[in-house]
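Report on the following structure.
The values are calculated or read from the model by the stated rules, or taken from the named source; none is laboratory data. Keep in mind that this is a model prediction, so the values were computed, not measured. Cβ coordinates were reconstructed from backbone atoms using ideal geometry, including for glycine residues, and neighbour counts include every protein chain displayed. Heads up: the accessible areas ignore ligands, DNA and RNA and are worked out on the full protein's heavy atoms, side chains in. Shrake-Rupley method; radii C 1.70, N 1.55, O 1.52, S 1.80 Å.
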Amino acid sequence: MTDGPLGPGSCPACGGGPLVAWRTVPGSDPALPGDYDLARCPSCGSAVTLTPAPAKAHEEGAYGGGTPRGSRVAAPLLRALDRRRLSFLARAGGRPPGRLLDVGAGRGRFVARARAAGWEVDGIEPSSRGVAGAIGLDISLQQAGIEDAVVATGSLDAATLWHVLEHLDDPGRALERVAGWLRPGGLLIVGVPNLASVQARAGGARWYHLDVPRHRTHFTVGGLHALLRRHGLQPVATHHLLAEHNPFGLWQSVVSRATQTPSWLYHALKRNAPARGRWRDAVVTAVALPFVPVAIAAEVAFALARRGGTVAVVARRV
Ligand SMILES: [Zn+2]
């Protein structure tokens, strides 16, 4: 289903290129300092992080585990957002009964929600911390990455890749495998940050969803659609109104222009903010908090203009 392996310098999204040098940005996490080079595709506008990620990038800093501040308050909100993800599938004709796989399941929260909705659900998750956390929810996840997961060919009615694809150096190879697990007509839902969004432009090198160096591929909607099509997956719906990531991403990206630490509130909630500049950043954040409703209204407008900060694309396996 692929066009064959991509040459060096090709765009991992659309396969075009060659990529051209774009910008050098600081690490998005205080635990991952340094400068990271990005290159951009002249065809689809997607970008890649050229500088390799440290081996433990997904275990340090904001990803270091532990319970974030305010997580109990957020729980009902997260349940509502999981239901919305299921509604994207339902609107494209993906309804239980059926077999669903959550790829990159974390601690299995979405697996639990989909099971409660009537799906027969499995999850795969590469981190031992996620798999261990899921046991508390009475959920058994397969500890594996996409490369080494054991899933029968053509066995799935639906799969979800929720903020996973941007973490991969070769998203095409991963998508090739996931597409093979789906039956013909099966649905895939992919959530990623949108480099073609208004908030990506507003945030620049400090865009909240840039998350360098963990994010390896920075997709535009056009680039993601091209990637899906190259792997036999036809996009059927693209959603820009995503309460889970978009208003906060816009607000945080703008506030990051005035704080010393990028995404200070996010890191403070993750117990990951450095002591340096803490009080100044806390004051700037407190002053900016009343503007959260403005960010919500703005992201609704940007979603109507198809420029949301993150997108969810539903695609059907041909
Ligand atoms: Zn491209």
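Quick notes on this one:
- The conditions of being open to solvent by 10 Å² or more (accessible area, probe 1.4 Å), more than 16 Å from the ligand (Cβ to nearest atom) and either in contact with a His (Cβ under 6 Å, 6 or more places away or on another chain) or not in a loop (DSSP other than H, G, I, E, B) (or both) are met by Gly185.
- Strands (runs of 3 or more DSSP E) (entirely within segment 1-66) containing at least 2 residues that are at pLDDT 85 or above and more than 11 Å from the ligand (Cβ to nearest atom): 20-26, 35-40
- Residue match in segment 69-79 (condition: loosely packed, with under 12 Cβ neighbours inside 10 Å, part of a helix (DSSP H, G or I) and among the charged types (D, E, K, R)): yes
- Residue, most open to solvent (accessible area, probe 1.4 Å), within segment 262-317, restricted to residues that are of a type in the set (Ser, Thr, Tyr) and either touching an Asp or Glu at 6+ places or on another chain (Cβ under 6 Å) or closer than 12 Å to Trp251 by Cα (or both): Tyr266
- Residue check, Pro235 over 20 Å from Leu78 (Cβ atoms) and buried (at least 24 other Cβ atoms within 10 Å of the Cβ): no
- Pick from segment 6-26, criterion in contact with a helix residue (DSSP H, G or I) (Cβ under 9 Å, 6 or more places away or on another chain), of a type outside the set (A, V, I, L, M) and open to solvent by less than 40 Å² (accessible area, probe 1.4 Å), ranking: nearest to Glu60 (Cα to Cα): Pro12
- Qualifying positions in segment 207-256 - small (Gly, Ala, Ser) and not in a loop (DSSP other than H, G, I, E, B): Gly222, Gly223, Ala226, Ala237, Gly249, Ser253
- Qualifying residue in segment 96-117 (condition: open to solvent by 30 Å² or more (accessible area, probe 1.4 Å), under 30 Å from Cys14 (Cα atoms) and more than 17 Å from the chain's Cα centre (by Cα)): yes
- Here Leu241 passes the criteria (1) more than 22 Å from Ala303 (Cα to Cα); (2) surrounded by fewer than 19 Cβ atoms within 10 Å (Cβ to Cβ); (3) not β-branched (Val, Ile, Thr) except the one numbered (1).
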